[in-house]
Amino acid sequence: MEVKMSKKILVIGGAGYVGSALVPKLLDAGHYVRVLDTFWFGDGVFNDWILKNSRTSINRLGFVKGDIRNCDLEQAMRDVDCVIHLACISNDPSFELNRDLGRSINYDAFLKVIIAAQESKIGRFIFASSSSVYGVKNTPNVTEDMCLEPLTDYSKYKAFCEMELQMIPTEKLPWVIIRPATVCGYAPRMRLDLSVNILTMAALTKGKIMVFGGSQIRPNIHIEDMTDLYVRLVNEEDDRIIGRTFNAGGSNLSIETIAELVKKIIEQCMAKKIEIEKVPTWDLRSYHVSSAKIERQLGWQTIRDVPDAVVHLMKAFNAGLIPNPDDPKYSNIKTMKVLKIQ
Ligand SMILES: NC(=O)c1ccc[n+]([C@@H]2O[C@H](COP(=O)([O-])OP(=O)(O)OC[C@H]3O[C@@H](n4cnc5c(N)ncnc54)[C@H](O)[C@@H]3O)[C@@H](O)[C@H]2O)c1
C-alpha cells in the first residue's frame with residue numbers, strides 16, 4: 001500500500017510555466033515547498049494560491065531568489081528531501097539568443113546542482129529533460145531505449161545532463177529523468193510560445209491561425225497531467241522509478257491537426273470564424289513519442305488531451321487571466337531580450 005508522506009521539496013525554476021502550476025499542487029498535497037528561481041517572469045505567480053489559503057498552509061511555502069549559476073545551492077537544499085529541477089533556458093530560440101548563457105545555465109550550473117544535491121544527501125532528484133533529445137526519428141513510436149540525436153543546443157545539453165546524472169550511482173543521488181512532451185494549457189505563469197498555446201491564442205485574439213508547414217508531428221501533454229505526474233513522482237516507491245528514464249506525453253498530433261482542432265473548438269464555443277493560413281517552412285522536424293513505458297511500469301497515463309488544453313486556455317483568456325497577450329512576459333525569448341539577461 002502506498003503511504004503518502006509530507007516531504008520538503010525544493011523546486012528549482014518553480015516560478016516558471018510548469019512550476020507555477022506544480023507548486024500549488026505540491027502544497028495542496030501537504031508538502032513543504034521551497035522555490036528557487038531568478039523570478040525572471042515575475043514573482044506574483046503564487047498570489048492567487050496564497051490569497052485562498054490559510055496562514056498554516058502558506059507557511060509551508062518558501063522562496064529563495066537566486067541564480068543557480070552563483071547562489072548557495074547547499075543552503076537552498078538544506079533540510080530538503082526531494083529536488084525537482086526545472087530551471088533552464090527553456091526553448092530553442094531563447095537558447096540560440098545567447099548560447100553561452102544557455103550553456104552556463106542548462107549544463108554548467110546543472111553540474112553544480114547535482115554536486116550540491118549529493119553533498120546535501122537529497123533523497124530524490126527529479127530532472128525535467130525533454131522529448132526533443134531524440135531528434136528526428138522515422139520510427140512510429142520513439143521509446144526510451146533509442147539513441148539520442150539532439151538537433152539543437154537546447155536538446156543537446158538536456159542529453160548531456162541526462163548522461164551526467166546516469167553516471168551517478170543512485171545510492172549517492174537517487175535520480176529519475178522525465179522527458180516531457182510539449183506542454184499546453186493554462187498556468188499562472190503563462191507561456192504563449194508553445195505550439196498549442198500559440199495556435200489557440202492566435203485564434204482567440206486574431207481570428208487567424210498561421211500554420212508553418214503543418215505535417216510535423218509532435219507530442220503534447222496537458223499542464224495538469226504534467227504537474228500531476230511530478231506530484232506522483234515525489235511519493236512513488238523508490239524501486240519503481242529511481243535510476244530510470246521515462247517519456248511523458250499524451251497525444252502526438254500534427255500541427256495541422258492541432259490547428260483544425262483549435263479552429264473547431266473556438267468556432268463552436270465563441271461563435272466566431274477562424275481562418276487557417278499555411279506558410280511553408282524548412283522546419284519539418286517530426287517525432288512520435290511513445291509513453292508506453294511509464295504506463296506499463298507505473299500505470300500512469302494522461303487523462304487530458306489537446307482539446308482540453310485549448311478549452312482550458314480559452315476559459316482562462318475569457319476570464320481575463322491572460323491580459324494583453326502581446327506582453328513580452330508570455331514569451332521566453334522576448335522576456336530575455338527585455339531584461340537583457342546575461
Ligand atoms: N514547457 C514545455 O513544453 C516543456 C517541455 C519539455 C521539457 N520542459 C522542461 O521543463 C522545465 C520547465 O519548463 P517551463 O516551461 O516551466 O519553463 P520556464 O522557462 O517557464 O521556467 C523556467 C524557470 O526557471 C527559472 N530560471 C531560469 N534560469 C535560472 C537560473 N539560472 N537560476 C534560477 N532560476 C532560473 C526561470 O526564471 C523560470 O521561472 C524546463 O527544464 C524545460 O526544459 C518543458
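Just so you know, all these numbers are worked out from the coordinates, no wet-lab data involved. Owing to the predicted nature of the structure, the values given are computational and were not obtained by experimental measurement. All Cβ positions, glycine included, derive from the backbone under ideal geometry; neighbour counts span all protein chains shown.
Taking the helices alone, the chain has a mean residue ellipticity at 222 nm of -11000 deg cm²/dmol, built from -39,500 (n - 2.57) per DSSP H run of at least 4 residues and averaged over all its residues.
Round to the nearest 0.05 the FRET efficiency obtained for ASP100 and ASP327 when R0 = 30 Å and r is the Cβ-Cβ distance. After rounding to 0.05, the efficiency reads 0.65. Here THR245, THR205 are placed in order of increasing Cβ neighbour count within 10 Å, fewest first, which gives THR205, THR245.
Over segment 187-302, Cα pairs under 8 Å with separation of 6+ residues give a relative contact order of 40 percent. GNM remark for the chain: springs join alpha carbons under 10 Å apart, and the peak mean-square fluctuation among ASN197, ASN247, ASN59 falls on ASN59.
Distance from the Cα centroid of segment 1-62 to that of segment 165-217 is 20 Å (rounded to whole angstrom). Highest mobility in the GNM of the chain, judged by mean-square fluctuation with C-alpha springs under 10 Å and restricted to LYS208, LYS273, LYS121, is found for LYS273. Could you list log10 I(q)/I(0) for the chain at q = 0.08, 0.10 Å⁻¹, which the Debye formula gives when each Cα is one point scatterer? Calculated log10 I(q)/I(0) at the listed q: -0.36, -0.57.
As a rough footprinting exposure proxy, the listed residues LEU229, LEU111, LEU22 were ranked by other beta carbons within 10 Å of their own, and the order from fewest upward is LEU111, LEU229, LEU22.
Neighbours of VAL289, meaning other residues whose beta-carbon lies under 10 angstrom from its beta-carbon, give a summed charge of +2 when Lys and Arg score +1 and Asp and Glu score -1.
Once you've got the Cα coordinates, tell me which of LYS8/LYS158; LYS52/LYS329; LYS158/LYS208; LYS264/LYS340; LYS65/LYS121 are over 31 Å apart.
On the way: LYS8/LYS158 26 Å; LYS52/LYS329 25 Å; LYS158/LYS208 34 Å; LYS264/LYS340 39 Å; LYS65/LYS121 22 Å.
As for pairs spanning more than 31 Å Cα to Cα, those are LYS158/LYS208; LYS264/LYS340.
If I build a Gaussian network model for the chain, linking alpha-carbon pairs within less than 10 angstrom, which residue out of LEU284, LEU194, LEU204 has the largest mean-square fluctuation? For the chain, modelled as a Gaussian network with Cα springs under 10 Å, the answer is LEU284. Considering only alpha-carbon pairs that sit under 8 angstrom and 6 or more positions apart, the relative contact order computed for the chain is 19 percent. With r defined as the distance between the Cβ atoms of GLU256 and LYS25 and R0 fixed at 51 Å, what FRET efficiency is calculated, to the nearest 0.05? Taking R0 as 51 Å, the efficiency between GLU256 and LYS25 is 0.95. Sorted fewest first by neighbouring Cβ atoms within 10 angstrom, CYS82, CYS269 come out as CYS269, CYS82. With the radius of gyration and the Kirkwood radius both derived from the Cα set of segment 1-143, what is their ratio Rg to Rh? Result for segment 1-143 is an Rg/Rh of 1.00. Shape class of segment 1-77 from the alpha-carbon gyration tensor: oblate, with a/c at 1.5 or above and b/c at least as large as a/b.
Computed over segment 141-200, the P(r) tail beyond 13 angstrom holds 73 percent of alpha carbon pairs.
Here's the list of aspartates and glutamates a cross-link from LYS156 could span, going by alpha-carbon distance under 14 Å and ignoring same-chain residues fewer than 8 apart: ASP92, GLU96, ASP100, ASP108, GLU164.
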